[in-house]
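The values are calculated or read from the model by the stated rules, or taken from the named source; none is laboratory data. Owing to the predicted nature of the structure, the values given are computational and were not obtained by experimental measurement. Please note: Cβ atoms are built from the backbone with ideal geometry, for glycine as well, and neighbour counts cover all protein chains shown. The area values use the complete protein model at the heavy-atom level, side chains included, leaving out ligands, DNA and RNA. Shrake-Rupley method; radii C 1.70, N 1.55, O 1.52, S 1.80 Å.
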Amino acid sequence: QTVLINIIEELKDKYKNIDDKRIYITGHSMGALGTWGMSVAYPEYFAASAPISGLWEGNVDTLMNLPMWVF
């Protein structure tokens, strides 16, 4: 998770026109599991989250204010 956040931060530094208020996360199947995990760990970082066909059995209390579209 930290590596992905670091990559995004490097891209924001390199490409100054990235709007950090519009960073979205999505993934399918195992990617959805990663989407859930990133959303729970960094709910304030993403503008919205869209996990597709992925199981999540963890706590979702931190997601109260994160717009989500769950498939």
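Sequence-ordered 3J(HN,Hα) estimates for the stretch 8-16 from the Karplus curve with 6.51, -1.76 and 1.60 and θ = phi - 60° stand at 4, 5, 5, 5, 4, 5, 6, 10, 5 Hz, glycine and proline given as x. The fraction of accessible area contributed by carbon and sulfur in the chain is 59 percent, rounded to a whole number (1.4 Å probe; ligands and nucleic acids excluded).
Could you compute the net charge surrounding Asp20? Neighbours are other residues with a C-beta less than 14 Å from the C-beta of Asp20; K and R count +1, D and E count -1.
Result for the local shell: 0.
Run the dipole for the chain about the Cα centre, Lys and Arg Cβ at +1, Asp and Glu Cβ at -1, nothing else charged, and hand back the magnitude in debye, nearest 20.
Rounded to the nearest 20 debye, it is 220 debye.
Gyration tensor analysis over the Cα atoms of the stretch 6-71 returns equivalent ellipsoid semi-axes of 22, 13, 10 Å (largest first, whole Å). Its DSSP H runs of at least 4 residues, each contributing -39,500 (n - 2.57), put the calculated 222 nm mean residue ellipticity of the chain at -11000 deg cm²/dmol, to the nearest 500. Accessible area per residue for the chain is 70 Å², calculated with a 1.4 Å probe on protein heavy atoms, without ligands, DNA or RNA. Dipole orientation for the chain: of the candidates Ile23, Ser49, Gly37, Ile23 has the Cα lying most toward the positive pole (charges on Cβ; Lys, Arg +1; Asp, Glu -1).
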